[in-house]
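The values are calculated or read from the model by the stated rules, or taken from the named source; none is laboratory data. The shown structure was predicted, so the numbers you read here are calculated from the model rather than taken from an experiment. Heads up, the Cβs are rebuilt from the backbone with ideal geometry, glycines too, and the neighbour counts pull from every protein chain shown.
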Amino acid sequence: MQIDHIFEVGYLPVLSGIMNQLGLRKKIDEFVPVDPQCQTTVGEAVQLLVLDILSGRNALVNVKRWAAEQDLEQLLRPGLQASWFNDDALGRHLDRLYEADIHHIYSSFQLHVYQQERIPMSVFHGDTTSMSVYGAYTKPSQALQIVEGYSRDRRGAKQIQFGLIGNSDGIPLYGDVHDGNTSDKTWNPSVLEKLHAQCAAVGLKDFVYVADSAAMTKATLDAAKGAGAYLLTRAPNQLKIVKAALEAADAEHAPWSEKVSFVSSKEGASYRWLASEAEYEGHRLRLIVVESSALDKKKENTLNRRREDERAQLTQAVKEEAQKTFHWSLADAEQAAETLQNGYSPKFHQFTVKTVPQEIIRKKRGRPKQGEVPQIDTVYVLQIMITPDEARFQEARRRASRFVLAPPCRPSGEEKRWMAQRFLACTRDRSMSR
């Protein structure tokens, strides 16, 4: 008996079996036809690279050496040799994959996975992030602009951006890499237009697309409507319709809903809301004002800092006034108190100024005579009190916890199905969003 090779099995055959079951190689080779001059296909190269990434990730030049340690006949197909996956061959395969529109291929495959595995496709979340890079290229890439953008790291850093659309469980539907200075206001409508044809081909419509406030533009609203999607985003507070909705929420008899929670824990946040309608950029929207019992930590710190700063500023501002003494004239003291009281309107404190009489002994020059009764004068001082107003602080806290969701108005027949609670659940990533 002769043993030709010994391989460590590990978990790679399981991963390869899952990829085969999902049809990864077959799907890719449908979009990128097999080149008769190549000994391997693009699908085989991609599957091998995915296995490499999931087992530790080697540089492209070292993949051939790593592949020689694997049972390629079991992982891919009989007859394959590790030398066929050198860095030049892999580079050519990746170039062909890009030229065939890699983003379209990826989203088509993921859509196929969603259908095959019967994954719910009612709610998707889209967002972008950036990665800063350093150095320079002798020949800048024409395919991807590595430029200064809206960097989260530091001003002036060059970057590229990544975009991803996935469901509430984090399973991707679409992913791309794009120029470093691409705005979300441009990216959102662009990807929705790209997905439109693919979604229509499989009959996918009436899904909710959740994005951040940068998606609140006419272009994104138009693209979402064209794709049969319903854009759900947080409306920016500076919009007139949002200001009006938040102002209406302060009304004494505003029709707030009952509080609900999306978690069973007692420490979990609860929510209440009220809804209205408004027109924006030619689209009829529902404005859902949501109030959360849990305030974002950043906002909480900001409110506490503002309260502390206000007290410090008030204390410093009235320091000189508190040392003044008004002789003889009560009217002058009361006028000064009224002026000081009206000069400040603190948000988080009660600020009261009172006129208080004080008796002082009038001092004379020299030594007082024996048995002389000292003369008492009445003067007036300002008593200034700065006390925290907890009720007003809690009201400010409640207002800070409010935000406005802006989904489109649904057809009358579906209004019940797409009630405010369902839209809110979509943003909380809970099972109600399915």
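The single residue among 221, 285, 231 that is closer than 26 Å to residue 124 by Cα, at pLDDT 90 or above, out of contact with any Leu (no Cβ under 8 Å at 6 or more places or on another chain) and surrounded by 19 or more Cβ atoms within 10 Å (Cβ to Cβ) turns out to be 285. Take the residues of the stretch 171-212 that are modelled with pLDDT of 90 or more, surrounded by fewer than 18 Cβ atoms within 10 Å (Cβ to Cβ) and under 19 Å from residue 123 (Cα atoms): which is farthest from the chain's Cα centre (by Cα)? For the stretch 171-212, the residue satisfying everything is 193.
For residue 314, the conditions (1) under 12 Å from residue 386 (Cβ atoms); (2) over 43 Å from the mean Cα position of the chain (by Cα) are fulfilled apart from (2). Applying a threshold of 6 Å to beta carbon distances and a minimum spacing of six or more residues, or different chains, the list of pairs starting in the stretch 116-140 at a residue that is in the same structural domain as residue 215 (by TED's automatic domain parsing) and closer than 15 Å to residue 172 by Cβ and ending at one that is in a loop (DSSP other than H, G, I, E, B) and modelled with pLDDT of 90 or more reads 124/167.
Checked against (1) outside any helix (DSSP H, G or I); (2) under 28 Å from residue 164 (Cβ atoms), residue 15 passes all but condition (1).
Scanning the stretch 232-276 for residues that are within 21 Å of residue 293 (Cβ to Cβ) and charged (D, E, K, R) yields 234, 250, 252, 258, 259, 266, 267, 272. Among the residues of the stretch 254-281, those identified as part of a loop (DSSP other than H, G, I, E, B) and under 22 Å from the mean Cα position of the chain (by Cα) are 262, 263, 268, 269. If you go through the stretch 239-246 one residue at a time, do you hit one that is within 30 Å of residue 162 (Cβ to Cβ), surrounded by fewer than 16 Cβ atoms within 10 Å (Cβ to Cβ) and modelled with pLDDT of 90 or more? No; the residues of the stretch 239-246 include none that is within 30 Å of residue 162 (Cβ to Cβ), surrounded by fewer than 16 Cβ atoms within 10 Å (Cβ to Cβ) and modelled with pLDDT of 90 or more.
Each row is one residue, and each column tells you yes or no for (1) in contact with an Asp or Glu (Cβ under 6 Å, 6 or more places away or on another chain); (2) modelled with pLDDT under 75.
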{"position": "340", "(1), (2)": "yes, no"}
{"position": "346", "(1), (2)": "yes, no"}
{"position": "358", "(1), (2)": "no, no"}
{"position": "362", "(1), (2)": "yes, yes"}
{"position": "366", "(1), (2)": "no, yes"}
{"position": "375", "(1), (2)": "no, yes"}
{"position": "380", "(1), (2)": "no, no"}
{"position": "385", "(1), (2)": "no, no"}
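In the stretch 235-253, the count of residues that are in a strand (DSSP E or B), touching a helix residue (DSSP H, G or I) at 6+ places or on another chain (Cβ under 8 Å) and over 29 Å from residue 343 (Cβ atoms) is zero.
Residue-wise test of (1) assigned to a helix (DSSP H, G or I); (2) over 30 Å from residue 391 (Cα atoms); (3) small (Gly, Ala, Ser).
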| position | (1), (2), (3) |
| --- | --- |
| 319 | no, no, no |
| 322 | yes, no, yes |
| 326 | no, yes, no |
| 334 | yes, no, no |
| 341 | yes, no, no |
| 346 | no, no, no |
| 350 | no, no, no |
| 354 | no, no, no |
